[in-house]
Amino acid sequence: MTVLALETSCDETAVAILRDDRSGPELLASEVASQVAAHEKYGGVVPEIASRNHLIYAPQLLDGAVAAAKTPFSEIDAFAATSGPGLASSLMIGASVAKGLAIGFGKPYLGINHLEGHLLSPFFAGAMHSSRSSGLGDGGVASTMRVQGDIRPNVSLVVSGGHTLLVLVRGLTNYQLIGHTVDDAAGEAFDKVAKMLGLGYPGGPEIEKHARGGDPKRFDFPRSMPASENFSFSGLKTAVRYLLPKLPVIPSEVESGAVRETATRTGRPEAERTGSERIKSRRVTEGEFQRDPSSTLRFARGDVLRDLCASFQQAIVDVLVTKTIAVAQKHRVDLVTISGGVSCNQELRRQMRDATGRKGIEFKSAEPWLCTDNAAMIAFAALLRLRAGYRSKVTEEIDPNLKVA
């Protein structure tokens with residue numbers, strides 16, 4: 001049994017081919033085209049640009065995956081695609097392609113929940129994949145790999161740019177939503193704070209990079225809703241927002257107007273001021289920050305940015321780890337899994353591994369290449385559903401707000 005899956009829920013275009021035989025599932029090909037460079041200058045994903053690029057990349061990735069897997073379309077037993085949640089204009093591309101192939105070759109179609117793909121991905125274990133250039137962005141699988149297909153009961157933390165969920169998994173399709181974010185997801189908080197600091201996009205890797213060597217206890221950021229199983233990161237983001245005007249910074253090029261204004265008030269032209277006067281640290285005024293919150297902030301001391309990023313990151317990690325462990329203990333589950341783009345954060349993985357170890361709970365995480373959006377996890381979920389007798393109608397609509405439970 002061989003499944004071809006497409007993933008186009010947001011800004012990554014991906015195609016994967018997964019085969020199931022007597023020795024277990026085997027990933028034959030996985031191709032991903034990233035659009036990060038196209039959206040970076042906007043500080044976030046632009047839906048219209050994303051959908052246009054899906055139309056360009058999907059046919060090329062399909063050809064590449066089929067060639068890499070050495071499996072023609074006629075030998076595919078089922079076609080699958082992400083049906084939600086995600087951007088409507090992006091979801092339509094992958095679903096339409098998969099439905100067309102299913103109709104054209106007279107094979108079953110499966111619409112897969114993107115979040116189900118994430119929460120099952122920690123069980124997609126096997127040899128590390130070997131990446132190669134797809135010519136379109138990221139890479140693909142250069143050699144086949146075996147994967148594990150047994151889904152054990154677990155508490156799953158799905159944490160990404162748009163979602164932060166705690167799900168009690170009892171088995172395939174048997175999911176109970178325990179907690180969710182009531183405002184910003186963890187990934188959104190990373191992106192928005194990174195933008196405040198003038199760092200790059202996506203914000204998670206940027207903040208993690210700048211947090212290395214920083215003091216996570218220097219700034220006391222809030223840990224919201226400690227008594228609830230739900231999440232809230234909007235208050236944490238706001239706390240950073242109100243802290244920034246209180247921190248001493250060195251004016252950057254984008255703030256040169258403010259420097260000239262200061263020189264005018266003192267009666268001395270900027271060119272006549274000494275070097276130390278020109279770079280004298282000051283504070284960001286509330287008005288300046290409101291006018292251009294994405295201006296690069298050059299802190300007067302190099303450790304301030306490191307400590308701020310480390311403190312912010314630790315606040316998110318504390319909440320995610322504490323709530324996940326509490327839910328696992330409450331429901332007497334001996335396995336915790338994490339998945340989604342934010343789960344690539346090494347500090348989150350380390351602290352979750354340590355916390356579960358102290359409580360005698362097993363910890364399993366998706367491999368980093370499976371944490372960001374990809375079609376391999378969609379193919380895996382589709383294969384498991386196909387085994388269990390599930391099929392979707394080709395008339396089934398996408399659902400941008402699809403729930404996992």
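With R₀ set to 41 Å, the beta-carbon distance separating Ile49 from Ser74 gives a calculated FRET efficiency near 0.75. Comparing Cα centroids, the range 57-86 and the range 6-47 end up 11 angstrom apart. Within a straight-line Cα-Cα reach of under 18 Å, Lys246 can be paired with the following lysines, leaving aside sequence neighbours fewer than 8 residues apart in one chain: Lys195, Lys217, Lys237, Lys280.
Kirkwood analysis of the range 299-344, using all unique Cα-Cα pairs, places the hydrodynamic radius at 12.7 Å. Considering only Cα atoms, the convex hull volume of the range 333-398 works out to 116 Å³ per residue. Amide H contacts under 5 Å for Ala29: Ile17, restricted to partners 5 or more places along the chain or on a different chain, H placed in the peptide plane at 1.01 Å from N. Loop-located GluC sites (Glu not before Pro) across the range 180-243 with a Cβ neighbour count of 16 or fewer within 10 Å are Glu229, with loop assigned by DSSP. Under a 5 Å amide H cut-off, with hydrogens placed 1.01 Å from N, Asn230 pairs with His180 among residues at least 5 apart or on other chains. Each of Met377, Met92 was scored by other Cβ atoms within 10 Å of its Cβ. Listed from fewest to most, they are Met92, Met377. This ranking places Glu397, Glu347 by how few other beta-carbon atoms lie within 10 Å of each, fewest first, which gives Glu397, Glu347. Shown for the range 156-198 is the translational diffusion coefficient from the Stokes-Einstein equation, using the Kirkwood radius over Cα pairs, a temperature of 37 °C and a viscosity of 0.692 mPa s: 287 µm²/s.
Cβ crowding within 10 Å, taken as a proxy for footprinting-reagent exposure, orders Tyr109, Tyr242, Tyr175, Tyr390 from fewest neighbours to most as Tyr242, Tyr390, Tyr175, Tyr109. Near Ala16, once Lys and Arg are set to +1 and Asp and Glu to -1 for all other residues with Cβ below 10 Å from its Cβ, the sum equals -2.
Along the range 24-31 the Karplus relation, 6.51 cos²θ - 1.76 cosθ + 1.60 evaluated at θ = phi - 60°, assigns HN-Hα couplings of x, x, 9, 7, 8, 7, 8, 10 Hz to successive residues, with x for each Gly and Pro.
Its relative contact order, with pairs defined as Cα atoms under 8 Å and 6+ residues apart, puts the range 327-405 at 28 percent. Can you figure out the FRET efficiency of Asp63 with Ala88, using R₀ = 25 Å and their beta-carbon distance, to the nearest 0.05? Calculated transfer efficiency: 0.45. Using the Cβ-Cβ distance between Ser23 and Glu367 with R0 set to 35 Å, the FRET efficiency from 1/(1 + (r/R0)^6) comes to roughly 0.95. Close amide H contacts of Val46 (hydrogens built in the peptide plane, cut-off under 5 Å, sequence separation of 5 or more or a different chain): none are found.
Apply the a/c threshold of 1.5 to the C-alpha gyration tensor of the range 1-136 and tell me whether it is rounded, prolate or oblate. Prolate, because a/c is 1.5 or more and a/b exceeds b/c. In sequence order, the range 336-341 has phi-based couplings of 10, 10, 10, 7, x, x Hz under the Karplus curve 6.51 cos²θ - 1.76 cosθ + 1.60, θ = phi - 60°, and Gly or Pro positions carry x. Converting phi to 3J(HN,Hα) with the Karplus coefficients 6.51, -1.76 and 1.60 and the offset θ = phi - 60°, the range 383-389 yields 5, 5, 5, 5, 4, 7, x Hz in sequence order, with x at every glycine or proline. What is the distance in Å between the Cα centroid of the range 172-186 and that of the range 366-400? The range 172-186 and the range 366-400 have Cα centres separated by 18 Å.
Values quoted throughout were computed directly from the atomic coordinates according to the rules given, and no laboratory measurement underlies them. Predicted model only: the values in this text are computed from it and were never measured. As a convention, Cβ positions derive from the backbone with ideal geometry for all residues, glycine included, and neighbour counts pool all protein chains shown.
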